[in-house]
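Throughout, read-outs are computed from the coordinates displayed, never taken from laboratory work. Because the structure is predicted, anything quoted here is derived from the model rather than measured. Neighbour counts are summed over all protein chains in view; Cβ atoms, including those assigned to glycine, are modelled from backbone coordinates with ideal geometry.
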Amino acid sequence: MVLAREHPRAGSNGYVFEHVLVMEELLGRHLVAGETVHHLNALRADDRPENLELWTRPQPAGIRAADALAWAREIVARYGSLGHGDGHQPCGDPLEPPQG
């Protein structure tokens, strides 16, 4: 944990998890509501950037199809340039039907 009293995610003691700070540095912004940081190797003390993956909460259950599509487009707009976390680069608009 890192002392960062002014950070939006600081606890009452003023500390923030280091993996949160590392991910925010990579993103160039603070995490937003619903975002969490996952340790790929399950070792919570391993906060190397290559071991961290940004996760977001899935869409709410019982959502109308039109709302699900709007939510999916928001997710693509927010995260489309981040890649897939597995070394693959993003490809096209996943919400568009395949060409051919």
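Assorted remarks:
- Filtered chymotrypsin sites (Phe, Trp or Tyr not before Pro), region 1-75: DSSP coil and at most 11 other beta carbons within 10 Å: none
- Net charge, Val22 excluded, C-beta distance under 9 Å - Lys, Arg +1, Asp, Glu -1: -3
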